[in-house]
Amino acid sequence: MRTIYTENKNPDTIKKWAGLYFDNYNIQKTIGVWKGQEENGVKISGSEKKPGAAGNLAASIIAHNDQDCALVAGEGDDRILYKVYAEHEKVKAVRRVISRYFDAYTFINEPGQVVFEIVADGYAREFGRELISKTGIPAFAHVIKAHLV
């Protein structure tokens, strides 16, 4: 299973290409933040038809959409995936803390909550401490493989 986080430009093309690179896939709309700028994002998760297909799909999307980069999770170097589950009334406070530590993250509106996903190069203990002290919400950390394309 590989996951690509990218900007949601040309969604029909992204959907068509996902079917070329993945046997099975799921596309979920997100809100992405890149260098402090909010953008419509997309999270594409699927089973690759061939090894390296997710990286190839991400590179194709970047070239087609004239983007700086995309993140491919599931391959590459060890990174930390932080997940933060926030009730809607705490979203602004959570975003303020996340923005102090990370240039890029994504969030997904779900019933009753917003799920933030952040991929970092390593553990950010100060981030976790500040998040709890300012919002009362913990960040759940998982080690994953990921790289920027």
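Read the figures in this text as sums done on the coordinates, not as results from a lab. Small disclaimer: the values here were computed from a predicted structure and weren't measured. Quick reminder, even Gly has a Cβ in these numbers, built from the backbone with ideal geometry, and neighbours come from all protein chains shown.
To the nearest Å, what is the center-to-center distance of the range 36-82 and the range 95-133, using C-alpha atoms only?
Going from one Cα centre to the other spans 19 Å.
How many nm separate the modelled label positions at R129 and M1, each set 7 Å beyond the Cα in the direction of the Cβ?
Once both label points are built, they end up 3.3 nm from each other.
Enumerate by residue number the trypsin sites (Lys or Arg not before Pro) in the range 35-77 meeting two conditions: DSSP loop (anything except H, G, I, E, B), and at most 15 other Cβ atoms within 10 Å of the site's Cβ.
Of the trypsin sites (Lys or Arg not before Pro), the ones in loops of the range 35-77 whose Cβ has at most 15 other Cβ atoms within 10 Å are K35, K49.
Over all distinct Cα pairs, what is the inverse of the mean 1/r for the range 1-51, reported as the Kirkwood hydrodynamic radius in Å?
That comes to 11.3 Å for the range 1-51.
In terms of Cα to Cα distance under 26 Å, which lysines are near enough to K43, apart from those fewer than 8 places away along the same chain?
Filter leaves K9, K15, K16, K29, K35, K83, K90, K92, K145.
Give the span of the range 55-100's Cα atoms along each principal axis, as three whole-Å numbers ordered largest to smallest.
38, 26, 19
Subtracting the Cα-Cα distance from 0.36 nm times the residue separation, let me have the gained length for E87 to Q37 in nm, one decimal.
So the extension gain works out to 15.8 nm.
Compute the projected area of the convex hull of the Cα atoms of the range 75-143, averaged over all viewing directions, and report it in nm² to one decimal place.
Orientation-averaged projected area of the Cα hull: 4.6 nm².
How big is the equivalent ellipsoid of the range 14-104 along its three axes, where each semi-axis is √(5λ) from the Cα gyration tensor, reported in whole Å from largest to smallest?
27, 14, 14
Which of the peptides 53-61, 120-128 is most tightly packed, and how do the rest follow, going by the mean number of other Cβ atoms within 10 Å of each residue?
Packing proxy ranking, top to bottom: 53-61, 120-128.
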